[in-house]
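The values are calculated or read from the model by the stated rules, or taken from the named source; none is laboratory data. All values reported here derive from a predicted model rather than from experimental measurement. FYI the Cβ positions are ideal-geometry reconstructions off the backbone, even for glycines, and counts take in every protein chain you see.
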Amino acid sequence: MSVANTVFFSSLVAEHPKIVGHQIILEELSRDLSAKNLAHAYLFSGPRHLGKMAVARWFAEQLLTDGVPEEKLADVRRNIGCLTHPDLLILDQLWIEGTCTDWDVVARTSNVPQQHRAKKPAAKTDTISIDDVRALQERLHDTGTGQFRCCIIRAMERMQVAAANAFLKILEEPPEGLVFILTSQSASILLPTVVSRARSLLFRRLPNRELLTLLEGSSASDRQFILRIAQGAPGVVARLMQDTDQLREHKLVHEQALSFWGTTSLADRLRILQPLQKRGAEAERLLLHLALTLRERGVTIDRMREFQLFAQDLQTNAHRQLLAQRFAFSID
C-alpha cells in the first residue's frame, strides 16, 4: 500500500475507533473505494459477534460520505447514525409477533418498512420472507442524493428460499450506484447463485492481544475469564464489559459446569443439564461452559469425543431430554 493510501486508510479507521481488528478487510474495502473499483455486492461471512455489522456500517458511511463537502459531513454522519439518511437501507432486526413488537426498538437497527409483518398472518419467526424482500425492493429504486446508495442486510441465512430467489433477481440487475453489503455466519449455507454475485470477505476470530483494548478497567481475573468466553469475538467482549449482570451469570454457569464434571451424583448431573432440554440462549451458554471446563480439567480424548457427539446431537431434531439423560448416564 502506498504512503498516500496508508494515510487515507488510517484516517477512515480513526473515525470509527469502536472497530477492533480486521485490518486486512478494512484495507481492502478502503482500496476499493479509493480506486472506485467497487463491487455491486459484498458478502461478509464468519461466526457471530466478530464485528461484521460494525464493519458494514463503517463501509456504508465511507460510501455515503465520499465526496461530501467538509461543512456537511457532520450532518450526513448524524443522519447515517440515526438511520435517517435517504441513501441508506438496513434490514437488521425484524418485527416478530410476541417477541419484538416495539417499533422503536426495531427502528434502532432497521429502516426498511416492516409494517406488513404486523398484518395477518403475522410474522412469528426471525425469517426474512418474500414480503420483506418486496418491501425492500420498493425502496431500492428511490432517487439517490449522492453518487452511492447502500443496502445492508444482516444474517442472509434468515432468508426463505422464495425470498432468496426474489433477492437474486435484484442482484442480477441492481440499480445504478447501489452497493449491497450482506452478512452471514457462513457462505456455505446461502444459495450458491447469491454468493457468486457478491465479493466474499471472510471474518476470522481475533487474537486476544487485539481484544485487550476492550477490556480496559477490568480486573486480571475478569480479563482472563472474558477472553476465554469470547473465543476471539469482540462483540462478546464488549457485551460482557457493558453488562455486569450477564458476566455474573456466565460465572455462575461456569461453576455449575465445573461441578458437572466433578460430581458423582446422577441427580446433580441431570439437574445441571436441565437447561439443555430447550433450545435458546440458556442452553447455548451452558454448552459453552461445559466445553470450556472440560478443557480446563484436561480430560481424555474419548471424553471430549463423547461431549462433541452430544453437542452435535443437540443440533438435530432428536429428543433433547433423552439426549441429556443419556449423556448424564455416560459420565463415570
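Residues of the stretch 83-107 that are small (G, A, S) and either closer than 18 Å to I152 by Cβ or touching a residue at least 60 places away in the same chain (Cβ under 8 Å) (or both): A107 alone.
Residue-wise test of (1) within 24 Å of N37 (Cβ to Cβ); (2) modelled with pLDDT of 95 or more.
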residue: F148; (1), (2): yes, no
residue: I152; (1), (2): yes, yes
residue: I189; (1), (2): no, no
residue: L206; (1), (2): no, yes
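Check the stretch 64-78 and report whether any residue there is crowded, with 20+ Cβ neighbours inside 10 Å and either under 18 Å from D142 (Cβ atoms) or under 20 Å from the mean Cα position of the chain (by Cα) (or both). Yes, the stretch 64-78 contains at least one residue that is crowded, with 20+ Cβ neighbours inside 10 Å and either under 18 Å from D142 (Cβ atoms) or under 20 Å from the mean Cα position of the chain (by Cα) (or both). Flag not set for R134, criterion: touching a Leu at 6+ places or on another chain (Cβ under 9 Å) and either at pLDDT 90 or above or within 25 Å of I25 (Cα to Cα) (or both). The set of residues from the stretch 200-247 being loosely packed, with under 12 Cβ neighbours inside 10 Å and either in contact with a His (Cβ under 6 Å, 6 or more places away or on another chain) or among the small types (G, A, S) (or both) comprises G217, S219, A220, S221.
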